Every structure is written in structure tokens, then in C-alpha cells.
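Beneath this line is the structure, given in C-alpha cells, with notes to follow.
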Amino acid sequence: MDFDLENPLGNFHDLPCDAVPSLFLIESDHIPPPNYCQSFKASDFDISVRRDVVSLISQLSCTFDPVLPYLAINYLDRFLAHQGILQPKPWANKLLAISCFSLAAKMLKTEYSATDVQVLMNHGDGGAIFEAQTIQRMEGIVLGALQWRMRSITPFSFIPFFVNLFRLKDPALRQVLKDGASEIILKSQREIKVLEFKPSTVAASALLYASHELFPFQYPCFLRAISDCSYINKETVVQCYNVIHDITREEYESVLNINSTSDTPVNVLDEHFLSLESEKTNGTNVVTQEQDFKRRKTTDYGNNRTVPFSHFHQC
Amino acid sequence: MWNEESDWIGSFDALLARLAECSMCSRRSGERPGAAQMDVKILDVAAEGGYGRVFRCLDVHTGALVAMKQITMVRLSQGIPAQIIREVSLLRELHHANIVKLLRVGFTENRYVNLVFEHLDYDLHQFIVNRGYPKDATTVKSFMFQILSAVAYCHSRKVLHRDLKPSNVLINHSKRLIKLADFGLAREFADDFLYTEKLGTSWYRAPEILCHSRQYSTQVDLWSVGCIFAEMVIGQPLFQVINCRDELEGIFKLLGTPTEETWPGITKLMPNLHIYCSKFDPLGLETFVTDLEPSGLNLLSMMLCLDPSKRISAEASLKHAYFTDVNWI
């Protein structure tokens, strides 16, 4: 038995048609229940402790594929949703972080050094060294809480599907878009509010956000492709896009230590939906489109990426 | 620190004990590890192998017969083995009428993972050996349709079985219901066991696996299904009938030695193909698989196709003319 966990929709065109809806149908089984976010909002302590455990997992995973930390954090959230407890003891949170990381590594067949994990976890801390049996026992507890359903459907699972909808022909451009979206997905997962959305919604919003930054002139075509997808709820994508936008802007501003309000419209996605509606009503509205292009602020997303204009493809 | 740690973990155990309603991994602290922990009463040992044992049990809640597979864990320095986590996790995602259902998972620390499955009366191997193979065409067709339905479901979810054979096809006697089982569970722990039965298992292995290709895919399962199909018709393993020193020789003897025209890429895959060159003209499936209607033979030939890229898929098989015969529906 074998399966491609990272890319269950890989070679999308080779799959029978019923495989796509099945992934959209079952994705809700792999995320924390809806009331999980509300329970966190009630307690600042829990939010900060979750952030600490997420940070531990990120340290453990920094040299691995981004799916690994995402999967581990998904286990963490599902476990906390099930148990309803966060421990004030730092060593307990470390044990939980190690166990979630270890389980994710096993699911992804990723080899890692237990010694490296121990060294990293003990850095700046005279505290516990966990025996293999202790980690195993904690793994068993997490497995039980998650009912051994460790094949989580993550936003990464949906990226190839949506990228195919965009019809970018150049493989290099597709990879740039995928990488940008992956970065956004990982950063977003650190914040509780993104957990309210389904993985497919997060994937669609992250891709739209990345395409807005990287391919602003193609953005309206991508937006239309996402809007036309029958498995996606447009309103939810708008909400998720705005959450992602806020998270990304907060991080951007914290790095630059800027306190000014954002120049970019908060509801940029709303504006583009309105723009599309306007086009449908009035036919082609060249003036509006041109103004949109001029007004839009282009930001390099951490990289100096130049894209040859000749590679663009009109929908 | 040790006490603190122990208390903390113990508190989670206590929490889990409150989830008595939970059908997964229900545990009660202080209770003896083993069958009681899994809410089953052991009746007898149904099978034994290098991986562990299979017990026939009664579910204490429902009174139903269940099968508990007990897998011995090894390499505990890395915690619960990755292979077990992956396989169980995958089984938890498979919901199909023709796939055996995993009811419960539990693990006793330092020793076993216990998997409780629904129980079926016997497997197809036993059916063929003890009761005479399904002589009537209706039963063969019904069994084939159910097997292919399960395989198509798995493949639509990018899941391969890779070890399909009659002993992994379970049968509910009264309903004539088929369920696939043993999705590679514990393979990593059963290498020695498999080797002792190498001849048995390799009768159902696709040629691209026998060539040690690392780039195989869903087509390997269709080859195995084809072998099962033939076996139901003739009453014994197809490639046992063709008595050869190795399985590839048997395959080529039956279907002809492949060439670059019949199987593009074969000379790279098998540099030593010249050993078989011009040695065999195909005997043909019809030589051995008699008493199968023409459309069935046609379907079988598309399953037992040497070139994996030309082999029929499970989904396409279900639409084949062999299954459109209204007489069996």
C-alpha cells in the first residue's frame, strides 16, 4: 500500500473525475472542529502557549519540507481541540511539540536525528531529556485523540488543482507561484483565525494573494478561475483572503517597524469582485481596469523575482 | 521531574478513560493490557506469522465475531513504528462496501498494536481449495465486479494495494459479499515470513515488479486481479500451472517475450532480456483459461497485458462488456 500524501491530486488530469470532489468532501474531517477557535479567543494565555508550541515545532522543522511543520501543527490543533487542555509546564509543551513533529515525520517518511531533536530542545534549558518510551507514550496519546487519522488533508494538497485552473504554461512561473503560496500558508497557520477556514479555502486564498503580489496583471484571470470553481465558496475566500492579508501585513510591518495604516485597501478582494461584476454589467470597462493596475501596490514577497512579460498568457 | 511528567501523562490517560463511548483507542487505566482493553474476548488463534498473530474474537458489546490482528512493534527507540502509523491512518480513510472495515485501534506500550477488523467467513484461497472453485459464471462475474469496485475506489484515492491475492480477498458466505483485506499491513515486519512464501506471493506479481522497476503504479494491482480472475475460472494459480523456474519465464512463456515494439522501454528495464529472446512464442491465455466466455477472455487479456501503460484500469474494467451481461445482474 502506498499513497502520495503531499500531492494526492498529483497528475490531476490522470485522475478519474470523482477523485476531485472526494478530496473537497473529506477535507473537513481533518481540521479542528468549528468551536476550536472560539475556545481560544476566550483565553489569551492559551493563544500565547499555542504560539510557543508552534514555535517549537517550527524550530524542529526548519530544515524540512513545509508540509512537515504544517502537518505537525495540524496534529497539535486537532489534539488540543480534543483534549481542551494546554499545560503551563514548559517541558510538557516540549513533549507535545516533539510528539507531533515525530508523528508528522513518520507520516511523510522523513528521516530525522533523535539526537539533533534532543540538542535543539535542550538549548538554553537545563530541563528534561525525554526518553524514547516517554515520547512513544505521548505519541500513543496523540494518535488516540486523533483516532489514528493522521493523513490530514492540508492546503498543500489543493495547490496543484488550483494552479491547473490558472493555466500558467511556463513551469518556472508555476513553481514561483506555488512557492509563494506555500510560504503564505505556513505563515498563516501560526495564527488562530485561519483555522476557521477549510484547507481548500486557505489554498485558494493563498494562491490569489501570491498571484496578486507576483503576477498583478494576470490576477483578474486567476480570480475569475477561482470564482468559477464549483467547489469553492466565493464569500469564504474573500474572508480568508482578508485574514491572510492582515496576517501578512502585520508581519511585514513588524519587520520594518512601521506603524502607519496600510496603503492597500483592506478589502482588495471585494474591490476586484466588484470590478468583475462591473465588467459583466457594462461589457469591457477599459478605464476601470487601467485605474486598477495603476493603483495597485506591487510588493516583492521577500524575493527579487522578475517575470518576463512575454510569458503571460491571457485567459 | 519524573513524577511531574508521569502525573501529566497519567492525567491524559484519565481523560481518555472518560471517553468510554469512543470506539477508537478506548483505554482504562489499571486494566490488564490485551484483549480486554480492546473490548473483545479471544476465541482462538486464526493465523500466525512473523509480524504477530490474528485472533478470532467476540466483540463484548455486540456479540459479533471480529478479527484482531496483533502486530509486534520493533525498533522502539523511534517510538511507534512509522509503517504502522501510515497503514492504520490510511485504513481509517478507506470506506467502501468491498473493503474490510477497521473497527478499533489500540496499542499496548512497548509491545503490540492491536487492530480489530470485522470478521468474514473465509478467504478466496480457502474457497477455491476447499469448496471447489466458483464453477458458475455468475459467481465469478459477481466476485470480479466487487474486487474491481474496491480496487477502483482505492486507485481513485491514489492508494495501491500491491499484494492482491486470493488469501487477501475475504468472503461473507451468506451474502456472497467480497471484501479486500491486508493492505500491506506489517509488511516491513514480515520480510522473513514473506520469503518463506515467496513462490505463493509472486504468482500474482506484475512483470514490472518482477523486473525490479521502481516506477510502478496502479497497474500492478490490475495484473494481480487478472491472476485472481484466471484462478477462479481454472481452479488453481495460473502461473503455477505454467511450471517454470521463475515467474518471468512463465509470464513470457504464456504471453510471449516482450520486445521494444510490444513494451517500449523493456530493454532498459531488463538488460538481460536476451536470455528469453526468441525462446518463447506465446502459448496464449486461451490454452489454459478454458470455459471463459469470449468477453471475459478479452477482459482478462487486457489485465494480463505485459506493457503496464496499455493495461486496462480498474475503472475501465467495470465498464467492460463482460459486466454488461444482464443475466447476472
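The values are calculated or read from the model by the stated rules, or taken from the named source; none is laboratory data. The structure presented is a predicted model; accordingly, all values stated were derived computationally and were not measured. Quick reminder, even Gly has a Cβ in these numbers, built from the backbone with ideal geometry, and neighbours come from all protein chains shown. Heavy atoms of the whole protein, side chains included, go into the accessibility calculation; ligands, DNA and RNA do not. Shrake-Rupley method; radii C 1.70, N 1.55, O 1.52, S 1.80 Å.
Below is a table of values for the structure above.
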read-out: Selected residue (only one of A:Tyr219, A:Tyr209 is more than 22 Å from A:Asn35 (Cβ to Cβ), of a type in the set (Phe, Trp, Tyr) and open to solvent by 10 Å² or more (accessible area, probe 1.4 Å)); value: A:Tyr209
read-out: Identity of the residue in region B:80-97, at the interface with chain A (Cβ under 7 Å from one of its Cβ atoms) and open to solvent by less than 10 Å² (accessible area, probe 1.4 Å), that ends up farthest from the chain's Cα centre (by Cα); value: B:Ile80
read-out: Residues within region B:163-204 that are assigned to a helix (DSSP H, G or I) and modelled with pLDDT of 80 or more, tallied; value: 3
read-out: Qualifying residue in region B:243-257 (condition: within 14 Å of chain A (Cβ to nearest Cβ) and free of Cβ contacts under 8 Å to residues at least 12 places away in the same chain); value: no
read-out: Pick from region A:151-201, criterion acidic (Asp, Glu) and in contact (Cβ under 8 Å) with a residue 24 or more places away in the chain, ranking: most open to solvent (accessible area, probe 1.4 Å); value: A:Glu196
read-out: Answer residue from region A:95-114, given it is more than 17 Å from A:Gln133 (Cβ to Cβ) and either of a type in the set (Asp, Glu) or part of a helix (DSSP H, G or I) (or both) and is most open to solvent (accessible area, probe 1.4 Å) among those; value: A:Glu111
read-out: Cβ pairs under 7 Å, 6+ apart, first in region A:43-68 and among the polar types (S, T, N, Q), second modelled with pLDDT of 85 or more and in a helix (DSSP H, G or I); value: A:Ser58/A:Pro69; A:Ser61/A:Leu68; A:Ser61/A:Pro69; A:Ser61/A:Ala72; A:Ser61/A:Phe101
read-out: Yes/no for A:Leu108 being assigned by the TED database to the domain that holds A:Pro216, under 24 Å from the mean Cα position of the chain (by Cα) and at pLDDT below 85; value: no
read-out: Residues of region B:60-79 satisfying the condition of being modelled with pLDDT of 80 or more, assigned to a loop (DSSP other than H, G, I, E, B) and crowded, with 19+ Cβ neighbours inside 10 Å; value: none
read-out: Region B:98-112: number of residues that are more than 15 Å from the chain's Cα centre (by Cα) and either surrounded by 22 or more Cβ atoms within 10 Å (Cβ to Cβ) or more than 9 Å from chain A (Cβ to nearest Cβ) (or both); value: 8
read-out: Only one of B:Leu160, B:Leu148, B:Leu115 that is at pLDDT 90 or above, within 14 Å of chain A (Cβ to nearest Cβ) and open to solvent by less than 30 Å² (accessible area, probe 1.4 Å); value: B:Leu148
read-out: Any helices (runs of 4 or more DSSP H) falling wholly within region A:1-70 and containing at least 2 residues that are modelled with pLDDT of 80 or more and within 19 Å of the chain's Cα centre (by Cα); value: A:44-61
read-out: Tally, over region A:139-166, of residues that are assigned to a loop (DSSP other than H, G, I, E, B) and within 8 Å of chain B (Cβ to nearest Cβ); value: 5
read-out: Failed criterion for B:Asn272 (all others in (1) at pLDDT 85 or above; (2) exposed (fewer than 11 other Cβ atoms within 10 Å of the Cβ) hold); value: (1)
